[in-house]
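Contents: one structure, followed by commentary.
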Amino acid sequence: GDVKASISVAVRPPYKSETPLWFDLTAWGSTAEVIANYVKKGTQIAILGEFSFDRWTDKNSGTMRSKPVVTVQKIELLSSPR
């Protein structure tokens, strides 16, 4: 019965010509409620969390796949959406 929030965030590089890096975030409990209620597209946030990789076997090709995931432990809202 715990609340879960899953979102993707872009990390802006120092130079606008570079492509942003995307990360999947997962949060639980009150942190997930803050994300659900206050974080919208364009909101700048700072997070503290644990970095890991989700790993799975692709159903079509049978190859191993992975993606980075951050489990959020603490979030700070830096700005409102633009």
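Table for the structure above
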quantity	calculated
Where T43 falls short, out of the listed (1) over 11 Å from the mean Cα position of the chain (by Cα); (2) open to solvent by 70 Å² or more (accessible area, probe 1.4 Å)	(2)
Matching residues in segment 1-28 - criterion: being open to solvent by less than 60 Å² (accessible area, probe 1.4 Å) and over 23 Å from K67 (Cα atoms)	none
Residue in segment 8-61 that is farthest from K74 (Cα to Cα), counting only those that are free of Cβ contacts under 8 Å to residues at least 24 places away in the same chain and of a type in the set (A, V, I, L, M, F, W, C)	W56
Members of segment 48-82 found to be hydrophobic (A, V, I, L, M, F, W, C), within 18 Å of L21 (Cβ to Cβ), modelled with pLDDT of 95 or more and open to solvent by 40 Å² or more (accessible area, probe 1.4 Å), listed by number	L48
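The values are calculated or read from the model by the stated rules, or taken from the named source; none is laboratory data. Just so it is clear, the model here is predicted, and its values are computed rather than measured. Positions of Cβ are generated from backbone atoms using ideal geometry, with glycine treated the same way; all protein chains shown enter the neighbour counts. Protein only, heavy atoms only, side chains kept; ligands, DNA and RNA dropped before computing areas. Shrake-Rupley method; radii C 1.70, N 1.55, O 1.52, S 1.80 Å.
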